[in-house]
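Q: Here it is: the structure, laid out below.
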Amino acid sequence: MSNTAGGIGAKVMRRFTYDDRTALVFIAPVMAVLGLVAVFPIGYSFYISLFQIKLTRPNRTPFVWLDNYIQLFGDDLFWTAVLRTVTFTVMSVTAITVLALLAALLLNEKFPGRRLVSTILLIPWAIPYVADALMWKWIYDSGYGALNGLLYQLGFIEKYLVWLGDQQKTLPLIANAFVWKEVPLATILLLVSLKSIPQDLYNAARVDGAPLLQRFLHVTLPSMRTGFMLVILYETMISIRHFDLFFVLTEGGPGTASHVLSWEIYIETFRNLSFGSGAAMSYVLALVTFALAYFVIKILGRSV
């Protein structure tokens, strides 16, 4: 038996060159660390989702198989959170894509102060999300917020408003803070895509008599497909699982107006201490994110 195993091992090793074996030796520690800090937690969280684990009764953790997932899909609060997450994601990604495209088109032109504008544009990207949230919380404040002060001085409002206390305005206001933070990165991605368009395409369009709008619709936009794919893919994945702004600005309020899926996961796991159902909800969020990424790549990547 040992001779057979040794022969198989020798055959396997002969299939790899000396360089392959050397590379494997150097890569092995990195792969081991990745397996420990990434692969193992992912697998263990799925294992937890198959149990009814609640820290208020740590000695009773029955194996429930897929009951956590079944109960989740039958919970009205879960579907309400999904709807709010979809609303927030659509608002945010649409606004980010449009504003980033306009900013990229502007920065692609030559004008005095372009470098200064580019530098100013990058400032929101450099600010951490918690600092961003605290800044917008001050702006939205009902007592001394800059937004109320500006609108009052301009005569648009007669008294200071409680912006984050209005259930109809909460999601758009949080989306506004998210868009402000994410537009710079999206602009960079679209600007790189814009600068990679061959000038010959524009020259050929001008020779054919195409006006500016037609050149934009038939040359610029189709050539930026890769950039749009990256922006939509990245921003969708970030917005669908975003948590920081919801935690700092509203903590899910007012009422349940900003209870998105990431907030529900936090409530279920760290406030209700139900780690089993919280892990199940996290896996659903991860699978939805991967599915959306697949469809975005499949649809926008056809002609890339």
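The values are calculated or read from the model by the stated rules, or taken from the named source; none is laboratory data. Computed from a predicted model, the values in this text were never measured in an experiment. Glycine also receives a Cβ, built like all others from the backbone with ideal geometry; neighbour counts cover every protein chain displayed.
Q: Restricting the first residue to the stretch 234-248 and requiring it to be without any contact (Cβ under 8 Å) to a residue 40 or more places away in the chain, which pairs with a second residue that is among the hydrophobic types (A, V, I, L, M, F, W, C) and in a helix (DSSP H, G or I) meet a Cβ separation below 9 Å and a spacing of at least six or different chains?
A: Hits for this filter: Phe243/Trp263; Phe243/Ile265.
Q: Considering only the stretch 22-55, state which residues are β-branched (Val, Ile, Thr) and in contact with a strand residue (DSSP E or B) (Cβ under 9 Å, 6 or more places away or on another chain). Walk me through how you get there before you give the answer.
A: Start the filter on the stretch 22-55 by keeping residues that are β-branched (Val, Ile, Thr), which leaves 22, 25, 27, 30, 33, 37, 39, 42, 48, 53.
Correct list: Ile53 only.
Q: When the residues of the stretch 28-57 are narrowed to those that are in contact (Cβ under 8 Å) with a residue 24 or more places away in the chain and part of a loop (DSSP other than H, G, I, E, B), which ends up farthest from the chain's Cα centre (by Cα)? Talk me through it step by step, then tell me what you get.
A: Step one: filter the stretch 28-57 for residues in contact (Cβ under 8 Å) with a residue 24 or more places away in the chain, giving 45-46, 48-56.
This time we only want the ones that are part of a loop (DSSP other than H, G, I, E, B), so: 49-50, 52-53, 55-56.
Details: Ser49: 23, Leu50: 27, Gln52: 29, Ile53: 29, Leu55: 30, Thr56: 33 Å.
Here the answer is Thr56.
Q: Name every residue in the stretch 157-201 that is part of a loop (DSSP other than H, G, I, E, B) and in contact with a Lys or Arg (Cβ under 9 Å, 6 or more places away or on another chain), in order of residue number. Before you say what the answer is, go through the steps one by one.
A: Initially, the stretch 157-201 is screened for residues part of a loop (DSSP other than H, G, I, E, B), giving 157-162, 166-169, 196-198.
Leu161 - this is the single residue of the stretch 157-201 that is part of a loop (DSSP other than H, G, I, E, B) and in contact with a Lys or Arg (Cβ under 9 Å, 6 or more places away or on another chain).
Q: Quick check on this structure: which one of His242, His259 is under 25 Å from Val64 (Cβ atoms) and part of a loop (DSSP other than H, G, I, E, B)? Reasoning before the result, please.
A: Details: His242 fails: under 25 Å from Val64 (Cβ atoms).
Within the list His242, His259, the selection yields His259.
Q: Go through the stretch 80-117 and give me each residue that's loosely packed, with under 13 Cβ neighbours inside 10 Å, among the aromatic types (Phe, Trp, Tyr) and modelled with pLDDT of 90 or more.
A: Residues satisfying the conditions do not exist here.
Q: Being of a type in the set (A, V, I, L, M) and either touching a residue at least 40 places away in the same chain (Cβ under 8 Å) or closer than 23 Å to Phe243 by Cα (or both) is the filter here, so list the residues in the stretch 58-97 that pass it.
A: Looking only at the stretch 58-97, we keep the residues that are of a type in the set (A, V, I, L, M), and these are 64, 66, 70, 72, 77, 81-83, 86, 90-91, 93, 95-96.
Once the filter is applied, which keeps residues that are of a type in the set (A, V, I, L, M) and either touching a residue at least 40 places away in the same chain (Cβ under 8 Å) or closer than 23 Å to Phe243 by Cα (or both), the stretch 58-97 yields Val64, Leu72, Leu77, Ala81, Val82, Leu83, Val86, Val90, Met91, Val93, Ala95, Ile96.
Q: Going residue by residue through the stretch 135-146, is there one that turns out to be without any contact (Cβ under 8 Å) to a residue 24 or more places away in the chain, surrounded by 14 or more Cβ atoms within 10 Å (Cβ to Cβ), closer than 26 Å to Thr220 by Cα and β-branched (Val, Ile, Thr)?
A: The answer is no, given that none of the residues of the stretch 135-146 is without any contact (Cβ under 8 Å) to a residue 24 or more places away in the chain, surrounded by 14 or more Cβ atoms within 10 Å (Cβ to Cβ), closer than 26 Å to Thr220 by Cα and β-branched (Val, Ile, Thr).
Q: Kindly provide the set of residues from the stretch 147-160 that are among the β-branched types (Val, Ile, Thr) and surrounded by 15 or more Cβ atoms within 10 Å (Cβ to Cβ), ordered by number. So that I can check it myself, show each step before the final result.
A: We begin by selecting, within the stretch 147-160, every residue among the β-branched types (Val, Ile, Thr); these are 157.
Scanning the stretch 147-160 gives no hits.
Q: Looking at (1) hydrophobic (A, V, I, L, M, F, W, C); (2) more than 19 Å from Ser49 (Cβ to Cβ); (3) modelled with pLDDT under 90, find the lone condition where Leu249 falls short.
A: Leu249 satisfies all of (1) hydrophobic (A, V, I, L, M, F, W, C); (2) more than 19 Å from Ser49 (Cβ to Cβ); (3) modelled with pLDDT under 90 except (3).
Q: Just give me the residues in the stretch 197-233 being polar (S, T, N, Q) and free of Cβ contacts under 8 Å to residues at least 24 places away in the same chain, in sequence order. I'd like the intermediate steps shown before the answer.
A: From the stretch 197-233, those polar (S, T, N, Q) are 199, 203, 214, 220, 223, 226; that's our starting set.
Answer for the stretch 197-233, where residues must be polar (S, T, N, Q) and free of Cβ contacts under 8 Å to residues at least 24 places away in the same chain: Gln199, Asn203, Gln214.
Q: Looking only at the stretch 118-134, which residues are surrounded by 13 or more Cβ atoms within 10 Å (Cβ to Cβ) and either in contact with a Leu (Cβ under 7 Å, 6 or more places away or on another chain) or not in a helix (DSSP H, G or I) (or both)?
A: Listed by number, the residues that qualify are Ser118, Trp125, Ile127, Tyr129, Ala133.
Q: Now for a different question. Do we find that Val25 is free of Cβ contacts under 8 Å to residues at least 12 places away in the same chain, out of contact with any helix residue (DSSP H, G or I) (no Cβ under 9 Å at 6 or more places or on another chain) and exposed (fewer than 10 other Cβ atoms within 10 Å of the Cβ) in this structure? Steps first, please.
A: Numbers: free of Cβ contacts under 8 Å to residues at least 12 places away in the same chain: yes; out of contact with any helix residue (DSSP H, G or I) (no Cβ under 9 Å at 6 or more places or on another chain): yes; exposed (fewer than 10 other Cβ atoms within 10 Å of the Cβ): yes.
The answer is yes for Val25.
Q: Now a separate question. So for the stretch 170-181 (the condition being within 26 Å of Leu230 (Cβ to Cβ) and of a type in the set (Ser, Thr, Tyr)), does at least one residue qualify?
A: Within the stretch 170-181 (the criterion being within 26 Å of Leu230 (Cβ to Cβ) and of a type in the set (Ser, Thr, Tyr)), the answer is no, since none of the residues qualifies.
Q: Applying the selection to the stretch 276-285, what residues are within 15 Å of the chain's Cα centre (by Cα) and more than 16 Å from Trp263 (Cβ to Cβ)? Steps first, answer last, please.
A: Filtering the stretch 276-285 for residues within 15 Å of the chain's Cα centre (by Cα) gives 282, 285.
Of everything in the stretch 276-285, nothing turns out to be within 15 Å of the chain's Cα centre (by Cα) and more than 16 Å from Trp263 (Cβ to Cβ).
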